[in-house]
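Input: a single structure, listed below in structure tokens.
None of the figures in this text is laboratory data; all of them are computed from the coordinates on show. Everything numeric in this text was worked out from a predicted model, so none of it was measured. Every residue, glycine as well, gets a Cβ built from its backbone with ideal geometry; the counts of neighbours run over all protein chains shown.
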Amino acid sequence: MAGLKRGQKRGPRIRQSKELDRRLLLHVLTDREWSRGRDMMTVATAALDGGATVIQLRDKHASTRTLIEEGLALRALTRERGAFLIVNDRVDVALAVGADGAHVGQQDLPAAMARRLLGPGRILGVSAATVQEAREAVAAGADYLGVGPIFATATKADAGPATGTRLLTECAREFTLPLIAIGGITVENAAQVIQAGATGIAVITAVVHAEDITGAARQLRHVVETTLRSLSRREGKNG
Ligand code: TZP
Ligand code: MG
């Protein structure tokens, strides 16, 4: 769907869909273990109050039936708030609950199959930890890339080594689809990942583990938006 067009030169990125970028600014991933005992709907509601634009349903231990129940509840909430609902790993659950899309990693359903199942109308996010993985994901029809883990994270045991921000810069040079930085993103380093080339961020602990979920989401959204704005002002001046 998105990505480098045939014959298009690699170079400074031309944003393909500003509207999609805007709607993918701040992903908050649900995580039971890091939620300090607060239930998923409380966490998601508070995150949306703070400006999350995407709730990603991610529950590695739930039964399919529980995922469906959670997905339906989140579907109603995100629809009411004008936010996207994306389901991690499970394309079947995404389709069953009428989610806006699904996110797959390198060990999940292959991206091209996920695209076929989702059809052209739903969003497909794919994790990439290398430029090669990013190229394959784009070729398979990803709408956005989850790039990372950028920094060390304690939240995903099998996340692999931190890539650093250079991967974002390399991807930004090559692709025009939204690049969502993930892994150890905090309010302190969010500006750095945007400056490196991310168009949005995805977090777990920085929001769901925060004492003040709404405040944490609000601060992150503010940093992402102000950094993007200052970058686009600078780009405007330079050409
Ligand atoms: N994929 C790559 S890193 C990661 C996922 C799901 C975990 C992100 O969690 P945190 O707490 O924001 O580092
Ligand atoms: Mg996965």
Counting only other residues whose beta carbon sits under 15 Å from that of Lys60, what net charge do I get with K and R as +1, D and E as -1? -3
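Go through 209-218, 40-49, 86-95, 194-203 and give me the packing order, highest mean Cβ count within 10 Å leading.
Numbers: 209-218: 18.3, 40-49: 20.3, 86-95: 22.4, 194-203: 24.9.
Highest mean packing first, the order is 194-203, 86-95, 40-49, 209-218.
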Can you run phi through the Karplus equation (6.51, -1.76, 1.60; θ = phi - 60°) for the range 79-85 and list ³J(HN,Hα) in whole Hz, with x for Gly and Pro? 5, 4, 9, x, 10, 7, 10
For Gly200, which sequence-distant residues (separation of 5 or more, or a different chain) have an amide H within less than 5 Å of its own amide H, given hydrogens modelled in the peptide plane? Leu179, Ala181
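Where does each of 131-144, 152-165, 70-83 land if you order them by average Cβ count within 10 Å, highest first? Don't skip to the answer; put the middle values down first.
Values: 131-144: 20.4, 152-165: 14.4, 70-83: 17.3.
Result, highest mean Cβ count within 10 Å first: 131-144, 70-83, 152-165.
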Read phi for every residue in the range 49-62 and hand back ³J(HN,Hα) as whole Hz from Karplus 6.51 cos²θ - 1.76 cosθ + 1.60, θ = phi - 60°, with x for Gly and Pro. 4, x, x, 4, 9, 9, 10, 9, 6, 9, 8, 6, 10, 6
Considering only Ser230, Leu179, Ala137, whose Cα is most displaced toward the positive end of the charge dipole of the chain, charges sitting on Cβ of Lys, Arg (+1) and Asp, Glu (-1)? Ser230
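Can you tell me how much longer the chain between Glu188 and Asp49 gets when fully stretched, taken as 0.36 nm per residue apart minus their C-alpha distance, in nm with one decimal? Mind showing how you got there, number by number?
On the way: separation 139, 0.36 × 139 = 50.04 nm, distance 2.09 nm.
Taking Glu188 through Asp49 to full extension adds about 48.0 nm, to one decimal.
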Calculate one ³J(HN,Hα) per residue across the range 65-72 by plugging θ = phi - 60° into the Karplus curve 6.51 cos²θ - 1.76 cosθ + 1.60, and present them in order as whole Hz with x for glycine and proline. 5, 5, 4, 5, 5, 5, x, 5
Nearest-0.05 FRET efficiency for Arg38 and Thr226 at R0 = 35 Å, using Cβ-Cβ distance, is 0.80
Sum up the lysine pairs in the chain that clear both bars: alpha-carbon distance under 21 Å and a spacing of 8 or more or different chains. 4
